[in-house]
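These notes are about the structure you will find just below.
The values are calculated or read from the model by the stated rules, or taken from the named source; none is laboratory data. Source: prediction; values computed, not measured. FYI the Cβ positions are ideal-geometry reconstructions off the backbone, even for glycines, and counts take in every protein chain you see. Please note that ligands, DNA and RNA were not included when accessible areas were found on the heavy atoms of the full protein model with its side chains. Shrake-Rupley method; radii C 1.70, N 1.55, O 1.52, S 1.80 Å.
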Amino acid sequence: MKREFFAEFDLIGKIGDDGLGNKNLIDSLTGKTSEDSPRSWENIDYFARLQILCQTVALGKGKKVSWQDRRGKTRSTDVKDYARTGAVQHGEPGGLLWWYYAEESGQIDLGYPQGGFQKFLQDRLRIIASVLSFERIGNIIFSSFPDLSIFPHGSWAANIPFTLRRPYISRDDQEFYIFDNPVKKEWVFKVPYVAPSQWKGALRSVMVRQLVEWWRGQSDRGPEDFAHRRLQLAVLFGDEKGEGSGRVEGVAEYLDKVGGEEAARLFREKVKERFGISGSENSPMPGFRGRLHFYPTFFGKIGLEVINPHDRETGVGKNPIYFECVPAGTAAAFTILYMPLDVEPVDEGTVRTDIRVVAGGIRAMLTTYGFGAKASSGYGVADVQEEQIEVQPRERRGVFIEGWRLAL
């Protein structure tokens, strides 16, 4: 299917030695001009146009675009570079950079994206909300809460709207793209998103970090306390990565080292006891799902970040590296469901404790540590308005907010 698409929309075959013609062709794909656009390409959507533009990465350095600047001087640059960012150094923005940041007037604005590709993403969000029956508040869409009355006792759900304080970066698994670092996009609708598995990994990582910081800050706690807190995380998220492979590795190995041998032994005893597993210490650990379930988050904006490594001797950067991102100021929502499918009904005290712990972890993830790639460099941090947090059943909101505030 991919080969058929590129055979039908062959951009490489249309790139020739006419630099101005090449420029007009690239500009027509991004909507900067309507000139020289093949008639059969006129009615395809924006993402299909972007896929066509991706073909420029296969071009060598010999193919150029050219134009005359305001002073009448002939300028030129490689087709591939122009398809990505235009020639901003010559005052000629183009390609994906222009497409992502162009205003309706056609003038580039590197502050906040308004037109071009952004309108396409907003339209896609409206389609998602309609097709999947998602709730919608302004430009934010999120999954509606399920009917919790049919779920086990203690189930609850929370929706936390947030606004990105720093851009969100992630790595897509698309094989062929115009940049080496595309932001992850939903497979069908092609809007930037955070998959449920990404949210689970991000929140678990933050709460493991909280556990380690708590343990290292305690002087009057023993292995039993660490094992208990570790078990709580395992019940929330499921079995730890690195168990059951014949040898302990990954997260499981890391927490074994942090808590010590006795705490590791007690933790595994507690897990096996929980699932009714008897036998020696060497009996395999069970695999199990956690109580937390995550929903995808969709974004209606996309942008570019650039890193330009500088030469240590000259202090000059010559090879900028571009990353697709969801820009700062973009609003979205994080939605989570807690469903205790345990062998026996959970008691009220356990449910309330879990709510507080999860609320504190969510706040730390969103507002302190960030989520996505390069979170350690400050990316993926967001702002949350406490009064906008919605929790169902409503009587659980007070406990959730209590845990939220304790995360300060």
The conditions are (1) within 30 Å of Gly86 (Cβ to Cβ); (2) within 18 Å of the chain's Cα centre (by Cα), and Ile178 fails exactly one of them. Which is it?
(2)
Evaluate the following for Asp172: is it farther than 28 Å from Ile355 by Cα and surrounded by fewer than 20 Cβ atoms within 10 Å (Cβ to Cβ)?
yes
Tabulated pairs, the range 207-223, first open to solvent by less than 60 Å² (accessible area, probe 1.4 Å), second in a helix (DSSP H, G or I), C-beta under 6 angstrom, 6+ apart or interchain:
Met207/Leu233; Met207/Gly361; Leu211/Arg229; Val212/Val258; Trp215/Phe226; Pro223/Glu262; Pro223/Ala263; Pro223/Leu266
Mind checking which pairs have a first residue in the range 321-338 that is buried (at least 23 other Cβ atoms within 10 Å of the Cβ) and a second that is part of a strand (DSSP E or B) and acidic (Asp, Glu), Cβ under 6 Å, 6 or more apart or different chains?
Cys325/Glu305
Can you run down the residue pairs with Cβ atoms below 7 Å, 6 or more apart or on separate chains, where the first is in the range 70-99 and free of Cβ contacts under 8 Å to residues at least 24 places away in the same chain and over 21 Å from Gly16 (Cα atoms) and the partner is among the acidic types (Asp, Glu) and surrounded by fewer than 22 Cβ atoms within 10 Å (Cβ to Cβ)?
His90/Asp69; Gly91/Asp69
Neighbours by Cβ (under 9 Å, 6+ apart or cross-chain): first from the range 376-402, free of Cβ contacts under 8 Å to residues at least 12 places away in the same chain; second aliphatic (A, V, I, L, M) and open to solvent by less than 30 Å² (accessible area, probe 1.4 Å):
Arg397/Ala158; Arg397/Ile389; Arg397/Val391; Gly398/Val391
Here the residues within the range 357-401 that are out of contact with any strand residue (DSSP E or B) (no Cβ under 6 Å at 6 or more places or on another chain) and of a type in the set (Asp, Glu) are Glu386, Glu387, Glu395
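Run down Val251, Val235, Val271 and say which single residue is in contact (Cβ under 8 Å) with a residue 12 or more places away in the chain and more than 26 Å from the chain's Cα centre (by Cα).
Val271
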Just to be sure, is Leu236 part of a helix (DSSP H, G or I) and in contact with a strand residue (DSSP E or B) (Cβ under 6 Å, 6 or more places away or on another chain)?
yes
Kindly check whether there is at least one residue in the range 191-200 that is of a type outside the set (Ser, Thr, Tyr), open to solvent by 60 Å² or more (accessible area, probe 1.4 Å) and closer than 21 Å to Phe400 by Cβ.
yes
What pairs come up if the first residue lies in the range 124-142 and is farther than 16 Å from Lys190 by Cβ, the second is assigned to a loop (DSSP other than H, G, I, E, B), and their beta carbons are under 8 Å apart, counting only those six or more places apart or on different chains?
Ser133/Ser144; Phe134/Ser143; Phe134/Ser144; Glu135/Ser143; Glu135/Ser144; Asn139/Gly300; Phe142/Phe134; Phe142/Tyr295
Among the residues of the range 28-37, is any closer than 15 Å to Glu92 by Cβ, among the basic types (Lys, Arg) and modelled with pLDDT under 85?
yes
Are any residues in the range 224-269 basic (Lys, Arg), surrounded by fewer than 17 Cβ atoms within 10 Å (Cβ to Cβ) and modelled with pLDDT of 90 or more, and if so, which ones?
Lys257, Arg265
Restrict the check to the range 182-195 and report whether at least one residue is without any contact (Cβ under 8 Å) to a residue 40 or more places away in the chain and β-branched (Val, Ile, Thr).
yes
